[in-house]
1. Name the long-range amide H neighbours of Gly236: under 5 Å, sequence gap of 5 or more, or other chain; modelled H, no Pro or chain starts.
2. Where in region 111-129 does the label zone of Ala52 land, with the point 7 angstrom along Cα→C-beta and an amide N cut-off under 19 Å?
3. Take peptides 303-313, 334-344, 256-266, 284-294 and line them up by average Cβ neighbours within 10 Å, highest first, as a rough protection proxy.
4. Tell me, what HN-Hα J-couplings in whole Hz come from the Karplus equation 6.51 cos²θ - 1.76 cosθ + 1.60 at θ = phi - 60° for each residue of region 376-384, using x for Gly and Pro?
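No lab work stands behind these numbers, since they all come straight from the coordinates. Since the model is a prediction, treat every value here as computed from it, not as a measurement. Cβ: placed from backbone, ideal geometry, glycine included. Neighbour counts: every protein chain shown.
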Amino acid sequence: MVEAGCLNLDRQLVLEVARPFDDRLIDRMGGRVALELAAKGEQTSIDDSVLAVLARATPLLAALALGLGLLQGVGIEGALARALTTLIVICPCALAIARPLASLAVVGAGRKCGLRIANPSSLDALARPGTVVFDKTGTLTSGTLQVTRIVSLSHLSTRELLSLAARAETGIDHPIARAIVAAAGANGPGGLRLARKAIGTDLDGKSVEVAGIAPDGDCQTRAATLEVRLEGVAVGQIYLDDQVDPGVAPLIGHLRRHGARLQMATGDALPSALNVGRAVGLEPEEIAASLSPLEKADLVRALARPVVFVGDGVNDAPAMAASDCSISVQRAHAAATASASVAILEGGLERVREAMVIARQYRSTGRRNAALALGYNAMVIPLAVMGTMSPLLAALTMTASSMLAIANSLRVGKARPHGAPIRHEQLTSDA
């Protein structure tokens, strides 16, 4: 099998195409994303539901007011006045205006906190998530490899071994190569990376190879284990690790205290996933490893709703589309950032907590608007139907209710100034 990115040096290749062009993994991922988005449909909030009920009830109540007026003998003019008054007081423009204004306010509040909120309607899921799913590499970890251990298998010192490896890795745009060169602090003449290995030469012109090997024992938890070979003979091993984001453990603890189920979904091997899981406070049963991008989406579909997925790469796209709210981290791929419901533009995973604060404010605003609309209509509709309210008074009360709903919507994000610490009551409030 010839892998993508391989470079043919000196041999003639005869390739057999085993699958059609549109059967690539990236094509299947794109198709799955489209299916998930189509199945999800438009998300409906509580004030949207109240708005729909009022819109359907308005003509019926106006007809009731007209009929009741005629039965009571107030004449056609008086009956029409009652119907007009009923139409005015029920007019659901308060909720119709308040929702877009709240969305605009929440986008502004997110920007002040280093967040880009692209889909405010998804914040209802973030306000009280049933399950939060994390990708591993680049999300729970920094995504930047670092040399953590060097073992010499020859007369070479660890410093000499690292310098030798750097001669093969210099000039290669690859995470492993960048980690080796950064640790060595010196550049070589430039190497060449083939599938799973880099090749170069030492000062004497001898061949140098840096190749990935299958880890064993404690090394299974490493992000990468490399073997350095000089003229084909192993002279040492270099271990690399991906550092855990320092903001992860506090976030995991916060989510667990507030009842959210937690899950790691990664394509990496189980030993490495377990190692990171232990570092951030996840239990072994909360870790799913060796998953393909499509299997990640299947996992999200099977979890308790609503599901929030936090990821960083193109391979997370199907799972992000299958979730109720998706969050991309600051170092995410541009495609993940563009498609996420919420994108972290500044800071680390601690921004997820701030996003939850904003989401709860947004949801509580919708609930207050719905309660205001229901209370207002319960009070004024009987007065309008019975004819004890004039059209002018109906217009004034309707305007007042609209102004209250608008003022309530504009409060989103203003409860905590930018840079102020998050208060415990903000994190736990479910108003």
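1. Leu153, Val228
2. Residues passing the 19 Å test: 120-125.
3. Working: 303-313: 22.4, 334-344: 20.7, 256-266: 17.6, 284-294: 15.6.
Ranking the peptides 303-313, 334-344, 256-266, 284-294 by packing returns 303-313, 334-344, 256-266, 284-294.
4. Once rounded to whole Hz, the list reads 4, 5, 5, 7, 9, 4, x, 5, 5.
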